[in-house]
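See structure below.
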Amino acid sequence: MFLHEKTCRENLKRNTVSDGFELEREKTMKMWTKKVAAGISGLLTAVWMMGMPATAFAAQWTDGTGDIAGYAESVTGFVQFGGKWYYYDQSGQKLTGWQEYDDNWYYMDAAGVMQTGWQKLDGKWYYLYASGRMATGWAEIDGDWYFFNGGGVMKTGWLETGGKWYFFNGGGVMRTGWVSTGGKWYYMDGDGVMQTGWLKKDGNWYYLDSSGVMQTGSCKIDGVTYSFSSDGVMLSGNAPASDFDPASVRSLLNGASLTPRQTADSKLNQTVSSWISSHLTSSMTTWEKVKAIYDGLLKLNYGAPDDSVIDTSGLSMDELMSLYFDGPEYNARLLLLSGSGTEEHFAAALASLLRAIGLNAQVAEGIVYQDTALTTGTPSSWVTVTISGTSYIFDVAADLRAGGGYSCFCRTASDLGGRYQQTDVFAFQTEKTYSA
């Protein structure tokens with residue numbers, strides 16, 4: 001029996017009157033007791049669903065403000081009245097402000113009502129989950145990511161955590177993509193992590209220093225000088241080797257159909273055969289052979305070749321014209337014999353060597369632009385290799401001038417931002433095939 005009910009009964013016994021109201025008072029008291037019992041049942045259910053202790057809850061009677069007007073045993077902890085949650089101490093006193101429960105923090109307003117959602121307190125922003133628990137650390141709210149320190153305060157600006165840098169705008173939202181702050185540009189990946197080093201975005205190359213700052217103007221990177229526009233787009237120089245994906249290129253080259261070819265220039269064929277014997281082995285895969293050829297040419301010098309390595313004495317004018325202009329053979333011989341050359345020489349030598357191991361290689365001629373807007377370009381030569389109907393670009397001279405790497409190794413025109421605009425093919429002279 002509830003204490004209130006017991007007290008009421010005792011009072012009734014002491015104060016029995018003969019005016020006919022005794023029965024009505026007894027009836028009223030029983031109805032009130034049933035309401036209290038029903039309220040307690042609902043309260044205990046709500047407390048249990050919230051995962052909070054229901055100890056010490058007995059008969060409770062509220063005046064609608066969360067203040068207990070009467071109780072049988074002390075009410076402590078979280079209590080729900082009228083759809084709102086309150087927090088009571090051991091003496092049954094309703095508490096306000098910040099309250100700690102089970103290692104989590106909750107906030108009760110001046111009326112003692114537990115708060116949820118965004119709260120601005122003392123000029124700082126906090127977030128309270130639907131359970132009232134204060135958010136700390138990372139929190140995804142309405143599709144955006146926020147970070148709250150150990151005290152629950154929302155973070156704005158720069159944050160370093162886990163060895164990575166993040167940036168949050170004035171509203172606390174973690175930023176991704178390009179971010180401008182302090183007059184400088186930064187780039188955050190899809191997880192909000194600040195990027196450094198080379199960045200390829202929308203077909204353009206950018207460079208972000210160790211502090212994440214996007215570079216503009218002239219910049220020396222790993223000993224190589226590059227030029228970047230005011231928007232950070234690389235204008236001169238070549239993309240970094242870090243973009244090179246050896247696994248996919250290996251699979252592509254090893255799957256290519258091979259038809260070894262000689263040129264019509266017997267002296268070039270001898271030079272190519274000698275070079276291959278010195279650098280390749282029959283046990284190598286196609287990928288290994290192509291990479292060994294590319295690496296070998298990267299060790300040569302960029303510059304005008306010594307044309308005295310080819311004896312042209314005794315040749316007629318027509319023969320000289322044929323030697324110089326009928327095909328790329330002469331340029332290939334100059335590079336392989338002298339060890340120096342420019343774009344046309346490197347392209348001719350690379351194509352000759354690739355054809356010798358069986359790839360369908362040609363010397364392409366056209367314009368190489370410095371930017372994807374195709375505003376500034378230079379006449380040049382490079383190699384195209386056709387594999388399964390797709391043309392792949394190899395520009396060893398460009399990689400050599402950029403200080404090495406494989407930025408222009410087995411790339412499609414799209415991979416290179418459309419900067420390679422082919423206008424012609426410098427075809428080899430009549431050729432014949434032979435067994436490798």
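Six or more apart or on different chains, Cβ under 8 Å: which pairs go from a residue in the stretch 297-309 that's at positive phi to one that's modelled with pLDDT of 90 or more and open to solvent by less than 90 Å² (accessible area, probe 1.4 Å)? Could you list them?
Qualifying pairs under 8 Å: GLY303/SER340; GLY303/GLY341; GLY303/THR342.
Looking only at the stretch 165-183, count every residue that is assigned to a strand (DSSP E or B), surrounded by 13 or more Cβ atoms within 10 Å (Cβ to Cβ) and not hydrophobic (A, V, I, L, M, F, W, C) and tell me the total. Break it down stepwise before answering.
Within the stretch 165-183, the first condition is being assigned to a strand (DSSP E or B), and the residues that meet it are 165-168, 174, 177-181.
Okay, now just the ones that are also surrounded by 13 or more Cβ atoms within 10 Å (Cβ to Cβ), so 165-168, 174, 178-179.
Add one more test, that the residue is not hydrophobic (A, V, I, L, M, F, W, C), and what stays is 166.
Residues in the stretch 165-183 being assigned to a strand (DSSP E or B), surrounded by 13 or more Cβ atoms within 10 Å (Cβ to Cβ) and not hydrophobic (A, V, I, L, M, F, W, C): 1 in total.
Would it be correct to say that ASP415 is of a type in the set (D, E, K, R) and either within 32 Å of the chain's Cα centre (by Cα) or at pLDDT 95 or above (or both)? Outline the logic, then answer.
Numbers: of a type in the set (D, E, K, R): yes; either within 32 Å of the chain's Cα centre (by Cα) or at pLDDT 95 or above (or both): yes.
The answer is yes for ASP415.
In the stretch 357-392, what residues are outside any strand (DSSP E or B) and of a type in the set (A, V, I, L, M, F, W, C)? Let's see the steps before the verdict.
Restricting attention to the stretch 357-392, the residues satisfying the condition of being outside any strand (DSSP E or B) are 357-360, 370-376, 388-389.
Selection gives ILE357, LEU359, ALA373, LEU374.
Consider ALA256 carefully, then state whether it is surrounded by 14 or more Cβ atoms within 10 Å (Cβ to Cβ) and modelled with pLDDT of 90 or more. Lay out the reasoning, then the answer.
Numbers: surrounded by 14 or more Cβ atoms within 10 Å (Cβ to Cβ): yes; modelled with pLDDT of 90 or more: yes.
The answer is yes for ALA256.
Look through the stretch 119-149, keep the residues that are touching a residue at least 40 places away in the same chain (Cβ under 8 Å) and closer than 13 Å to TRP105 by Cβ, and return whichever of them is most open to solvent (accessible area, probe 1.4 Å). Before you say what the answer is, go through the steps one by one.
Pass one, the stretch 119-149, residues touching a residue at least 40 places away in the same chain (Cβ under 8 Å): 125, 131-132, 145.
Narrowing further to those that are closer than 13 Å to TRP105 by Cβ: 131-132.
Numbers: SER131: 46, GLY132: 0 Å².
Only one residue tops the list, namely SER131.
Among the residues of the stretch 395-402, are any closer than 17 Å to ASP424 by Cβ and in a strand (DSSP E or B)?
Taking the stretch 395-402 as the starting set, the residues that turn out to be closer than 17 Å to ASP424 by Cβ are 395.
Filter again for in a strand (DSSP E or B), leaving none.
Within the stretch 395-402, not a single residue is closer than 17 Å to ASP424 by Cβ and in a strand (DSSP E or B).
Of the residues LEU354, LEU374, LEU334, which is under 30 Å from ASN204 (Cβ atoms) and crowded, with 22+ Cβ neighbours inside 10 Å? Give the derivation first.
Numbers: LEU374 fails: crowded, with 22+ Cβ neighbours inside 10 Å; LEU334 fails: under 30 Å from ASN204 (Cβ atoms).
Residue meeting the stated conditions: LEU354.
Is there a residue being open to solvent by less than 70 Å² (accessible area, probe 1.4 Å), in contact with a Phe, Trp or Tyr (Cβ under 8 Å, 6 or more places away or on another chain) and aromatic (Phe, Trp, Tyr) anywhere in the stretch 269-292?
For the stretch 269-292, residues open to solvent by less than 70 Å² (accessible area, probe 1.4 Å), in contact with a Phe, Trp or Tyr (Cβ under 8 Å, 6 or more places away or on another chain) and aromatic (Phe, Trp, Tyr): absent.
Looking for whichever is of a type in the set (Lys, Arg), within 20 Å of VAL193 (Cβ to Cβ) and surrounded by 13 or more Cβ atoms within 10 Å (Cβ to Cβ) here; the options are LYS94, LYS84, LYS155. Which one fits? Quick ask: steps written out before the conclusion?
Numbers: LYS94 fails: within 20 Å of VAL193 (Cβ to Cβ); LYS84 fails: within 20 Å of VAL193 (Cβ to Cβ).
When all the criteria are applied, what remains is LYS155.
To keep it simple, each residue is scored yes or no on (1) part of a helix (DSSP H, G or I); (2) at pLDDT below 95.
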site	(1), (2)
SER251	yes, yes
LEU268	yes, yes
VAL272	yes, no
TRP275	yes, no
SER283	no, yes
TRP287	yes, yes
LYS291	yes, yes
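Somewhere in the stretch 309-324, is a residue of a type outside the set (Lys, Arg) and closer than 20 Å to PHE394 by Cα?
Residues of the stretch 309-324 that are of a type outside the set (Lys, Arg), as a first pass: 309-324.
Okay, now just the ones that are also closer than 20 Å to PHE394 by Cα, so none.
Looking for residues that are of a type outside the set (Lys, Arg) and closer than 20 Å to PHE394 by Cα, one finds none in the stretch 309-324, hence no.
Hey, LEU336 hits all of (1) in a strand (DSSP E or B); (2) touching a residue at least 24 places away in the same chain (Cβ under 8 Å); (3) farther than 16 Å from VAL290 by Cβ; (4) of a type outside the set (Lys, Arg) but one; which does it fall short on?
(1)
What single numbered condition from (1) at pLDDT below 90; (2) among the small types (Gly, Ala, Ser); (3) surrounded by fewer than 16 Cβ atoms within 10 Å (Cβ to Cβ); (4) part of a loop (DSSP other than H, G, I, E, B) fails to hold for GLY327?
Of the numbered conditions (1) at pLDDT below 90; (2) among the small types (Gly, Ala, Ser); (3) surrounded by fewer than 16 Cβ atoms within 10 Å (Cβ to Cβ); (4) part of a loop (DSSP other than H, G, I, E, B), the odd one out for GLY327 is (3).
The values are calculated or read from the model by the stated rules, or taken from the named source; none is laboratory data. What you see is a predicted model, and the numbers here were worked out from it, not measured in a lab. Neighbour counts are summed over all protein chains in view; Cβ atoms, including those assigned to glycine, are modelled from backbone coordinates with ideal geometry. Ligands, DNA and RNA are stripped out before the accessible areas are found, and what is left, the full protein with its side chains, is counted by its heavy atoms. Shrake-Rupley method; radii C 1.70, N 1.55, O 1.52, S 1.80 Å.
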